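Chemist: Before anything else, here's the structure in question.
The values are calculated or read from the model by the stated rules, or taken from the named source; none is laboratory data. The model shown is predicted, which means the values in this text are computed figures rather than measured ones. Because the Cβ atoms are built from the backbone with ideal geometry, glycine has one as well, and the counts that use them run over all protein chains shown. To get the accessible areas, we keep the full protein, side chains included, count just its heavy atoms, and leave off ligands, DNA and RNA. Shrake-Rupley method; radii C 1.70, N 1.55, O 1.52, S 1.80 Å.
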Amino acid sequence: MRGLGCLDLIQSILLALLQGVTEFLPISSSAHLILPSELAGWPDQGLEFDIAVHLGSLAGVLAYFRRDCRAFAVSGWRYLYHRRRDDNLDLLLKIAVATLPIAIAGYGLYEVVQSRLRTIEFIAAATICFGLLLWWADTRRGDGDTLSWRNAMLIGTAQVLALVPGTSRSGIVISAALLLGLSRTMAARVAFLLAIPAIAGAALLAGLEVPALQEPGARVLDMAIGALVAGLSAWFCVHFFIALVERTGMLPYVVYRLILGLVLIGVAAAT
C-alpha cells in the first residue's frame, strides 16, 4: 500500500471532494474515484486516506441530520426508561432493519465483489444500467412521505446492490424508494439516513485492515485535510440535493451517469 505522502495537497483535496460529493449524489462514487488514476496517473490514495474521507463524509451527513439524530437519541432514551414509543423511534428501528441486509451481505461478499467486479468495463456498464433504472423509477414515483416496515425491508434488500461497483448506494436506495411510491424528497431523506450506518460500517471494516500508522506526520495532515474537505462537501451536497430534488428530478443525474459510463468505456478501450 502506498503512503499518503506521495499525494500532494491538490490531489488530496480533489479526491476528498470527489468522495464527499459522489457518496451522496446518485452518480456512483466508485465510477468517479477510478478516473484520477486512469486519466491522470494519480497514485492509490491508500486505505488510511480512504477511511479518513469516509469518516469526513459521515461527519457531514451527521451534521446535516443532527436534529434527527438528537430526536432518535431522545426517543431511544424514553423507550428504555419509560417504555414510550413514538414516530422517531419507529423510524430509527426501520433504518436499523433496512441496514441489516447490507451489513450481512457486505461482511460476506465485499472481498469477492471488489476483486472480481472492480474493472472499468463493469463499472461503466453498471453506471449506465443503474442510471437507466433511476430514470425509470423517477417516472414511477409517488408522493408518500412515510416509511413503512415493508418498504424499509425492501429498500434495505435493494441496498445490497450497492456492493456492486458502479451502482451508487444512494442511487439504488432512491430508485427502490421511488418505485415503492415515496416522493423524491422522502426517497432522498431515506437514502441519506441509511448512509449513516452504511458509511460507519464500511469505515469500521476497512479500519480493521489498517496496520498501525508509520511516519504519522504527513499522513495525519493529508487525512485531516481529506476528512475536512469530504465533510464540508458532503454537508453541502446533502443540503442542496434535498432542497432541489423535487424541482430537478433525477433526469440530470441520469444524463450525467450515461455520459460518465461512455467516458469510462472510452478509457477502457484506450488502455
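Chemist: Show me the helices (runs of 4 or more DSSP H) entirely contained within the stretch 107-200 in which 3 or more residues are over 21 Å from Gly60 (Cβ atoms) and open to solvent by 10 Å² or more (accessible area, probe 1.4 Å).
Modeler: So the answer is 120-139, 149-159.
Chemist: Filter the stretch 79-94 down to the residues that are under 18 Å from Met186 (Cβ atoms) and open to solvent by less than 100 Å² (accessible area, probe 1.4 Å) and list them by number. Write out each step before concluding.
Modeler: Residues of the stretch 79-94 under 18 Å from Met186 (Cβ atoms): 87-88, 90-94.
The answer is Asn88, Asp90, Leu91, Leu92, Leu93, Lys94.
Chemist: If you don't mind, there's one more thing I want to ask. When you look at Gly76, is it surrounded by fewer than 20 Cβ atoms within 10 Å (Cβ to Cβ) and at pLDDT below 95, yes or no?
Modeler: For Gly76, the condition - surrounded by fewer than 20 Cβ atoms within 10 Å (Cβ to Cβ) and at pLDDT below 95 - is met.
Chemist: While we're here: Any idea which of Ala96, Ala63, Ala52, Ala31 is of a type in the set (Gly, Ala, Ser), modelled with pLDDT under 85 and not in a loop (DSSP other than H, G, I, E, B)?
Modeler: Numbers: Ala96 fails: modelled with pLDDT under 85; Ala63 fails: modelled with pLDDT under 85; Ala52 fails: modelled with pLDDT under 85.
Exactly one of Ala96, Ala63, Ala52, Ala31 is of a type in the set (Gly, Ala, Ser), modelled with pLDDT under 85 and not in a loop (DSSP other than H, G, I, E, B), namely Ala31.
Chemist: Return the pairs, sorted by first residue and then second, in which the second residue is part of a helix (DSSP H, G or I) and among the aromatic types (Phe, Trp, Tyr), the first residue lies in the stretch 238-264 and is under 24 Å from Ala124 (Cβ atoms), the beta carbons are less than 7 Å apart, and the residues are 6+ apart or on different chains.
Modeler: Going by the 7 Å Cβ cut-off, the qualifying pairs are Met250/Trp135; Leu251/Trp135; Val254/Trp135.
Chemist: Within the bounds of the stretch 6-28, is there any residue that is farther than 17 Å from Leu228 by Cα, part of a helix (DSSP H, G or I) and modelled with pLDDT under 75?
Modeler: yes
Chemist: Give me the residue from the stretch 221-236 that is touching a Ser or Thr at 6+ places or on another chain (Cβ under 7 Å) and of a type in the set (A, V, I, L, M, F, W, C) and, out of that set, most open to solvent (accessible area, probe 1.4 Å).
Modeler: Checking each candidate, the answer is Ile225.
Chemist: Please go through the stretch 243-258 and pick out each residue that is surrounded by 21 or more Cβ atoms within 10 Å (Cβ to Cβ) and not hydrophobic (A, V, I, L, M, F, W, C).
Modeler: Passing the criteria: Tyr253, Arg257.
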